[in-house]
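Some notes on the structure that comes next.
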Amino acid sequence: MSRIRLFESRDLSEAERLTGLSLEMVTPLIRHGRWRRTLPHVEKLPVLIWMQRGQGRVTILGRTRGFQPSTAICLPPGTPFSIEPGAMTEGTLLRLPNLFEAPLPDTPRMLRLSDVSTQGELSGLIDRLGRHGDLGNPSAGRAALGRVILISALIEKLASTQAVAHVSRPAALAVRFARMVEKHLCTGATLEEIGAEMGVTATHLTRTLRETAGMTAAAYMQARLMHEACRRLSDTDDAAATIAAALGFSSAAYFTRAFGREMGKTPSAFRADARRVARA
């Protein structure tokens, strides 16, 4: 994805430069469904997750780790991840425009903020960014743009002072597997076919994912596919048969059975519930 150079893009307004900027709360009670965060998925923009309070687990590229309060999780675009917030978790998920002057780390990072003043600085920037107002207003847009750059600079400073965590051989294989799942998502590729392309057996992948993510490789693949199914059922008007074909299922009936087994309800019932929640 190309990055916009702010000072070489004078023909773009602040609102255009900040396209995609959004914030949402990360709590145990997710209004539009826990599946949106607890199932593996990707975001098109860089993501910063600021966990202010509570504990929980995050799975990034097939590797599950716990997080503590005052943790900043940085994810490049297209990074598969899921979050399981604990009972007292309070956090913010921030999608940032992919600006040249405001980059996040190029690899996933989990950064601990031990300094209280630094915690307050990041919390304050995110809070004010969440109340940016109309980005079409030049002054509001410039203020938001400035805060995005300040957040980027703060994260860059923190990342430079904290060592990159060692990646074990199983974790490295899990990363390759998660990337391969994204590559073959919706193609109907089997675990055996993905393993063959990676040069490892399905059994070895299953053993690895159990170690790194606490689930089988097949379960990870199914969870990733179910997130895409839920997203399309919730956010589009596509018929279930159309979605089934797009996801690589051999038939609508097979999709309905698989969806019901994983999500506990039929696709039509899931869509009806999602629409009801959205209207509330």
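Any read-out appearing in this document is the output of simple, stated calculations on the displayed coordinates, not a laboratory observation. What you are looking at is a predicted structure, and each value in this text was computed from that prediction instead of being measured. Cβ sites come from the backbone with ideal geometry, for glycine too, and all protein chains shown count toward neighbours.
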Checklist outcome for this item: Taking the chain, the equivalent ellipsoid from its C-alpha gyration tensor has semi-axes in Å, biggest first, of 33, 24, 19
Item to check | Estimated 222 nm signal from helices in the chain, with DSSP H stretches of n ≥ 4 weighted -39500 (n - 2.57), rounded to 500 | outcome: -15000 deg cm²/dmol
Checklist entry - Which of the peptides 154-160, 41-47 is most tightly packed, and how do the rest follow, judged by the mean count of other Cβ atoms within 10 Å per residue? => result 41-47, 154-160
Checklist entry - Can you give the charge dipole size of segment 6-161 about its Cα centre, rounded to the nearest 20 debye, using +1 on the beta carbon of Lys and Arg and -1 on the beta carbon of Asp and Glu? => result 560 debye
Next on the checklist: Apply the Karplus curve 6.51 cos²θ - 1.76 cosθ + 1.60, θ = phi - 60°, to the phi angles in segment 166-174 and return the couplings in whole Hz, x for Gly and Pro.
Outcome noted: 5, 10, 6, 4, x, 5, 5, 5, 4
Item to check | Counted charge near Arg232, where neighbours are those whose Cβ lies closer than 12 Å (Asp, Glu -1; Lys, Arg +1) | outcome: -2
Checklist entry - Which of the peptides 94-104, 13-23 is most tightly packed, and how do the rest follow, judged by the mean count of other Cβ atoms within 10 Å per residue? => result 94-104, 13-23
Item to check | For Gln52, distant residues with modelled amide H under 5 Å away | outcome: Ser70, Glu90, Gly91, Thr92
Checklist entry - Equivalent-ellipsoid semi-axes (√(5λ), Cα gyration tensor) for segment 155-200, whole Å, largest first? => result 31, 14, 5
Checklist entry - So what are the ³J(HN,Hα) numbers for segment 190-202, from phi and the Karplus equation (6.51, -1.76, 1.60; θ = phi - 60°), rounded to whole Hz, Gly and Pro as x? => result 8, 4, 5, 5, 5, x, 4, 5, 7, x, 9, 7, 4
Item to check | Counted charge near Ser70, where neighbours are those whose Cβ lies closer than 14 Å (Asp, Glu -1; Lys, Arg +1) | outcome: -1
Checklist entry - Rounded, prolate or oblate: which fits segment 6-161, taking a ≥ b ≥ c as square roots of the Cα gyration tensor eigenvalues, rounded meaning a/c under 1.5, else prolate when a/b beats b/c? => result prolate
Checklist entry - Leaving out same-chain residues fewer than 8 places away, which aspartates and glutamates sit with a Cα under 15 Å from that of Lys265? => result Asp273
Checklist outcome for this item: With +1 at each Lys and Arg Cβ and -1 at each Asp and Glu Cβ, the charge dipole magnitude of segment 169-279 around its Cα centre, to the nearest 20 debye, comes out at 340 debye
Item to check | Whole-Hz ³J(HN,Hα) from phi, Karplus 6.51 cos²θ - 1.76 cosθ + 1.60, for segment 274-280, glycine and proline x | outcome: 5, 5, 5, 5, 5, 7, 5
Checklist outcome for this item: Residue separation between Ser268 and Ala163 times 0.36 nm, minus their alpha-carbon distance, gives in nm 33.0 nm
Item to check | Dipole magnitude of segment 146-206 about its Cα centre (Cβ charges: Lys, Arg +1; Asp, Glu -1), debye to nearest 20 | outcome: 320 debye
